[in-house]
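Undergrad: The structure that follows is given in the form of structure tokens.
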Amino acid sequence: MNAVIETKKLTKTFHMGDVAVHALRGIDLVVEKGEFLAIMGASGSGKSTLMNLLGCLDEPTSGEYYLDGKSVAGMSKNEYADIRNQKIGFVFQGFNLLARTSALENVELPLFYDRTRRIRNPKAAALEALERVGLGTRVKHHPNTLSGGEQQRVAIARALVNQPAIILADEPTGNLDTRTSIDVLSVFQELNDQGITVILVTHERDLAQYAKRIIEMRDGHVLRDARVGNRRIASVDLAEFHDDGAYELE
């Protein structure tokens, strides 16, 4: 087994005054290299809290987390920042693009925070990332001149530019219509086919069917962990849309 992520009895408790909110209650999870995992659950199930811990955006209350076989416990703020910058790419629901900055400059941005300077030519790396998501002809466009789907592709390119092994996507289609959502999922499937591990948080069961494996959460527990049968292929579903955009997921 080649695990890129492993958690053991991971917990997270938030304190609101005298009230303790147990967001995660002992999560055991193994994610192997090259997986496409969807984390599902209703609001309050703990899925976004788990995503934040996996992305080293927060620290667990207890339990163990191993990234590429190395425990992240006790790391310094700089070490956490290096992990977020070099090993993990993030894609969020709100795109989080700089409005007055071109697509190319938005994608270049993470490279300026990489203290290792692994990538010597940021502009070339950003151009390559935009090409990978099909936006090679839109590099000079600002976000307000791009569609929602194009903006999310820019955000995906930004997540790719540091050549991460893992992409964490938290409700990345929440602001998009059905066709555009499937288009974005097609990008994730292509990247996963190229060997990148993808972890998708979603509350939509039909979108989770584009992953290879689904874990379903409820009240801070993993309720179900199963491989996807009859996995949906986004490129096939996109081809079935009519010119008027009519399409219905089964």
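The values are calculated or read from the model by the stated rules, or taken from the named source; none is laboratory data. None of these values were measured; they are calculated from a predicted model. In this analysis, Cβ positions are derived from the backbone assuming ideal geometry, glycine residues included, and neighbour counts consider all displayed protein chains.
Undergrad: Does the range 9-30 contain at least one residue that is hydroxyl-bearing (Ser, Thr, Tyr) and at pLDDT 95 or above?
TA: yes
Undergrad: Continuing with this model, one more query. Is there any pair with a first residue in the range 76-89 that is hydroxyl-bearing (Ser, Thr, Tyr) and a second that is not in a strand (DSSP E or B) whose Cβ atoms are under 6 Å apart and which are 6 or more apart or on different chains, and what are they?
TA: Every condition considered, the pairs that remain are TYR80/CYS56.
Undergrad: In addition: Going by the conditions given, is TYR113 within 21 Å of ALA3 (Cβ to Cβ) and among the aromatic types (Phe, Trp, Tyr)?
TA: no
Undergrad: Quick one: which strands (runs of 3 or more DSSP E) sit completely within the range 5-83 and have at least 2 residues that are within 18 Å of the chain's Cα centre (by Cα) and closer than 24 Å to HIS203 by Cβ?
TA: Hits in the range 5-83: 19-32, 36-40.
Undergrad: If the requirement is being farther than 23 Å from ILE27 by Cα and modelled with pLDDT of 95 or more, which of these qualifies: ARG232, ARG218, ARG179?
TA: ARG232
Undergrad: On to the next question. Kindly indicate whether any position in the range 99-118 is at positive phi and either touching a strand residue (DSSP E or B) at 6+ places or on another chain (Cβ under 8 Å) or modelled with pLDDT under 90 (or both).
TA: Within the range 99-118, one or more residues are at positive phi and either touching a strand residue (DSSP E or B) at 6+ places or on another chain (Cβ under 8 Å) or modelled with pLDDT under 90 (or both).
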